[in-house]
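Data block below; observations after.
The values are calculated or read from the model by the stated rules, or taken from the named source; none is laboratory data. Just so we're clear, the structure is a prediction, and the values are computed from it rather than from any experiment. Virtual Cβ from ideal backbone geometry, glycine too; neighbours counted across all protein chains shown.
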């Protein structure tokens, strides 16, 4: 009965390096389309039940706590930009129902794609990434083009934004794919991102 009254959120957990900018970009994208909350470390039940998308940035020091949250969510995505012992422990105990979004350019992370049973999408500049970045010149400015499954979507000028932002936009694109937000909507949502 309670499950019918309270809808479980979609949970995006961001672990590893650059989790601040990745979670900021994820929040910027998803808050355009649904009730979204970004939190750090601990999450109370009131927050879990109040939002449709919950973005948690964490150092992953307590993988068991994260698994508990994953089990309470409707759908879970873990975004990994770097690997350490705690992140590896989280991956080892991650339920198959959770999806992984991995930085393909960090070799030890990209290699995880073939070692886990979870749904995996990858992002990066390297050939083979599910969401591959390409910098192109448009109207005299460097712009980002994201390639995914044979489709190329131009994003925006990246002259002043840097690689961390590009990786974050790619991670948001992959998470969007999992949650049903298409690449055009991701591109549109990021037009006004200031960083």
Pick from region 67-82, criterion in a loop (DSSP other than H, G, I, E, B) and under 15 Å from the mean Cα position of the chain (by Cα), ranking: farthest from residue 22 (Cα to Cα): 82
Looking across region 146-195 at residues that are part of a strand (DSSP E or B) and modelled with pLDDT of 90 or more, the single one that is nearest to residue 121 (Cα to Cα) is 148
Is it true that residue 128 is modelled with pLDDT under 90 and farther than 20 Å from residue 28 by Cβ? no
Just to be sure, is residue 134 surrounded by fewer than 18 Cβ atoms within 10 Å (Cβ to Cβ) and either touching a helix residue (DSSP H, G or I) at 6+ places or on another chain (Cβ under 7 Å) or farther than 30 Å from residue 149 by Cα (or both)? no
Among the residues of region 90-118, which ones are over 15 Å from the mean Cα position of the chain (by Cα) and modelled with pLDDT under 90? 107, 108, 111, 112, 113, 114, 115
I'd like to check something: does region 15-25 contain any residue that is within 14 Å of the chain's Cα centre (by Cα) and at pLDDT below 90? yes
For residue 31, the lone unmet condition from (1) surrounded by fewer than 18 Cβ atoms within 10 Å (Cβ to Cβ); (2) touching a helix residue (DSSP H, G or I) at 6+ places or on another chain (Cβ under 8 Å); (3) farther than 30 Å from residue 127 by Cα; (4) free of Cβ contacts under 8 Å to residues at least 60 places away in the same chain is (2)
